[in-house]
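The values are calculated or read from the model by the stated rules, or taken from the named source; none is laboratory data. All figures in this text were calculated on a predicted structure; none of them were measured in a lab. Note that each Cβ is placed from the backbone with ideal geometry, even for glycine, and that neighbours are counted across all protein chains shown. Accessible surface is based on the protein model in full, side chains and every heavy atom, while ligands, DNA and RNA are left aside. Shrake-Rupley method; radii C 1.70, N 1.55, O 1.52, S 1.80 Å.
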Amino acid sequence: MGARAIMLQGTGSSVGKSLLVAGLARALVKRGISVRPFKPQNMSNNAAVTADGGEIGRAQALQALAAYIEPSVNMNPVLLKPQSEIGAQIIVQGKVFGRATAREFQAIKPTLLPFVLESFGRLKREADIVLVEGAGSTSEINLRKNDIANMGFARAADVPVVVVGDIDRGGVIAGLVGTKAVLEPEDAKLVAGFIVNRMRGDLSLFGDGMTEIAKRTGWPALGLVPFFEGARRLPAEDAYDLAERGLWRGNGRIRIAVPLLPHIANFDDLDPFAVEPDVDLIMVERGTPLPICNLVVLPGSKSTIADLKALRQEGWDLDIAGHLRRGGYLLGICGGYQMLGAAIADPDGIEGPSKVTAGLGLLAVETIIQGEKTLTKVSGETLTDLVPFHGYEMHVGSTRVLAPPFARLKDGRIDGAISADGRVAGTYVHGLFADDQQRAAWIARLGGTPAGFSYEAGVAKTLDALAAHLEAHIDIDRLLKAAR
């Protein structure tokens, strides 16, 4: 017999659906209920490598962690990774399926529904309940035709829906009541209730608001959830969230600056610094010069050549040159590593018409963007200090290294490169700073004192706190009764 399922959809993007699913997953597991998270279609450049050699959205990997299970490609069968303002790479069940503009993808979606339903069916056979997360807004009726992310999936799989609104953004009554007004009658029949998320202050002040929403929609209120302060200690899914965070403030002993490039990817590499009291982590938006700091990190990118161009347009290459003259450190991760080399070749035009693009010339390496995507978990040690690490690779292209290598992997391969003075380094390894020993070594190198905290233990503790938070403010028993 298959598992029951319930789906959380939102009045808009970034209303907190991902975090609610993670917290509910942890809460249900604590009740002795086996859970699988599922998101039919996701759009994010923040991805995770699965044990079965594929990739899924980082949010689904966090939800799997919350449910005490290994991430699987079936948890996010369709992942869109934006490469431009109008186009994206399409990942289906963990592997590259193709590329399409936004308009082209509308025609492709019907062909992807069988993959979505196949993955959903597999998860239903593994658990007591599947917690499904929608994408964007359920009220985007202009995209309802061929939809596989929200009501299109819910109708096809006969899954009840809970609509989530975010009061912190304002207009939550209009958002929820307006959603009911625009839904097709058959879609509206699937709605089993609503949740208002991220309430700050006195909850009783919105009691009449909850009553009015229920009256105008006919949907039962399942919860008014206070703002969860621990959210900043969990990985962000969208680059927009990084801009909102702006500065993760420690005591200022160490300052780390990260330019927010247009196609930034796998930016959860930076999250572990949030547990370090000595670190101020500064997310630098376009139009702002890089500040005086100890370390500049060039993060991963879904479009390395375009982001390198943007970096130069912002004048950040000149800021980096000044930073190095002052004795600062520079680390490039994945796409950021590729930017540090002498040149980036793109013979197949994967990233555009330019065949060869000059890099920043800070490391003696050359990259060719060609071939299959590398997706693998790795471990090894950095060669300057022999400090171990574990992480993962997720990149297209190979790099010829003429400089000393940055690290040696457990399988014998070398990774990355480092300058003669040790101040400029590049690596393909994501998740480097999530390794407590590696993060401590970097903080000590920069003149700080490592906190000695376990990042992974901190995430687990935060998920436990989130589960308790939702148990207190969502009618989970009623939610379970609505599932089928």
Original post:
Given (1) open to solvent by less than 40 Å² (accessible area, probe 1.4 Å); (2) on the phi > 0 side of the Ramachandran plot; (3) part of a loop (DSSP other than H, G, I, E, B), where does residue 201 come up short, assuming only one miss?
Top reply: (1)
Original post:
Would segment 345-366 turn up any residue that is part of a strand (DSSP E or B) and under 23 Å from the mean Cα position of the chain (by Cα)?
Top reply: no
**OP:** State which residue is modelled with the lowest pLDDT when the search covers only segment 93-112 and only residues that are hydrophobic (A, V, I, L, M, F, W, C) and farther than 21 Å from residue 155 by Cβ.
**Re:** 102
Subject >> Which listed residue, of 358, 321, 343, is farther than 19 Å from residue 394 by Cα and in contact (Cβ under 8 Å) with a residue 24 or more places away in the chain >> reply: 343
Subject >> Conditions (1) open to solvent by 50 Å² or more (accessible area, probe 1.4 Å); (2) at negative phi; number of the one not met by residue 153 >> reply: (1)
**OP:** Take residue 484 and decide whether it is in contact with a strand residue (DSSP E or B) (Cβ under 6 Å, 6 or more places away or on another chain) and at pLDDT below 95.
**Re:** yes
Original post:
Counting only residues that are of a type in the set (S, T, N, Q) and open to solvent by 30 Å² or more (accessible area, probe 1.4 Å), which one in segment 379-398 is farthest from residue 299 (Cα to Cα)?
Top reply: 384
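Residue-wise test of (1) among the hydroxyl-bearing types (Ser, Thr, Tyr); (2) assigned to a strand (DSSP E or B); (3) over 13 Å from residue 214 (Cα atoms); (4) more than 28 Å from the chain's Cα centre (by Cα).
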position: 149; (1), (2), (3), (4): no, no, yes, no
position: 155; (1), (2), (3), (4): no, no, yes, no
position: 176; (1), (2), (3), (4): no, no, no, no
position: 186; (1), (2), (3), (4): no, no, yes, yes
**OP:** Could you check, for segment 427-440, whether at least one of its residues is β-branched (Val, Ile, Thr) and either open to solvent by 10 Å² or more (accessible area, probe 1.4 Å) or without any contact (Cβ under 8 Å) to a residue 40 or more places away in the chain (or both)?
**Re:** no
Original post:
Which one of 187, 147, 158 is open to solvent by 70 Å² or more (accessible area, probe 1.4 Å), of a type in the set (Asp, Glu) and either out of contact with any Ser or Thr (no Cβ under 6 Å at 6 or more places or on another chain) or under 24 Å from residue 89 (Cβ atoms) (or both)?
Top reply: 158
Original post:
Between residues in segment 34-48 that are in contact (Cβ under 8 Å) with a residue 40 or more places away in the chain and open to solvent by 10 Å² or more (accessible area, probe 1.4 Å) and residues that are of a type in the set (Asp, Glu) and assigned to a loop (DSSP other than H, G, I, E, B), which pairs lie under 8 Å by C-beta distance while being six or more apart or on different chains?
Top reply: 34/126; 34/128; 36/126
Subject >> So residue 324, is it more than 19 Å from residue 261 (Cα to Cα) and in a helix (DSSP H, G or I) >> reply: yes
Subject >> 2 or more residues more than 30 Å from residue 154 (Cβ to Cβ): qualifying helices (runs of 4 or more DSSP H) within segment 391-484 >> reply: 436-445, 455-473
**OP:** Being modelled with pLDDT of 95 or more, aliphatic (A, V, I, L, M) and part of a strand (DSSP E or B) is the filter here, so list the residues in segment 369-390 that pass it.
**Re:** 378
**OP:** Kindly establish whether residue 289 is at pLDDT below 95 and part of a loop (DSSP other than H, G, I, E, B).
**Re:** no
Subject >> In segment 392-406, the residues that are touching a residue at least 24 places away in the same chain (Cβ under 8 Å) and on the phi < 0 side of the Ramachandran plot >> reply: 392, 393, 394, 395, 396, 398, 399, 400, 401, 402, 403, 406
**OP:** Pairs only if they're at least six apart or on different chains, beta carbon under 7 angstrom, first in segment 118-146 and under 13 Å from residue 77 (Cβ atoms), second open to solvent by 10 Å² or more (accessible area, probe 1.4 Å) and modelled with pLDDT under 95; list them, first residue then second.
**Re:** 135/43
Original post:
Residues of segment 165-181 being touching a helix residue (DSSP H, G or I) at 6+ places or on another chain (Cβ under 8 Å), open to solvent by 50 Å² or more (accessible area, probe 1.4 Å) and within 17 Å of residue 203 (Cβ to Cβ), which ones?
Top reply: 173
Original post:
Can you spot a residue in segment 467-480 that is open to solvent by 30 Å² or more (accessible area, probe 1.4 Å), more than 30 Å from residue 68 (Cα to Cα) and of a type in the set (Lys, Arg)?
Top reply: no
Subject >> Meets criteria (open to solvent by less than 20 Å² (accessible area, probe 1.4 Å) and either farther than 21 Å from residue 403 by Cα or without any contact (Cβ under 8 Å) to a residue 12 or more places away in the chain (or both)) for residue 278 >> reply: yes
Original post:
Is it the case that residue 192 is open to solvent by 20 Å² or more (accessible area, probe 1.4 Å), in a strand (DSSP E or B) and at negative phi?
Top reply: yes
**OP:** Return a yes/no flag: does segment 318-334 have any residue that is within 27 Å of residue 290 (Cα to Cα) and touching an Asp or Glu at 6+ places or on another chain (Cβ under 9 Å).
**Re:** yes
Subject >> Given (1) touching a His at 6+ places or on another chain (Cβ under 9 Å); (2) modelled with pLDDT of 95 or more; (3) open to solvent by 30 Å² or more (accessible area, probe 1.4 Å); (4) outside any loop (DSSP other than H, G, I, E, B), number of the condition residue 296 does not satisfy >> reply: (3)
**OP:** Scan the strands (runs of 3 or more DSSP E) fully inside segment 62-142 and keep the ones with 3 or more residues being open to solvent by less than 40 Å² (accessible area, probe 1.4 Å).
**Re:** 78-82, 87-92, 129-133
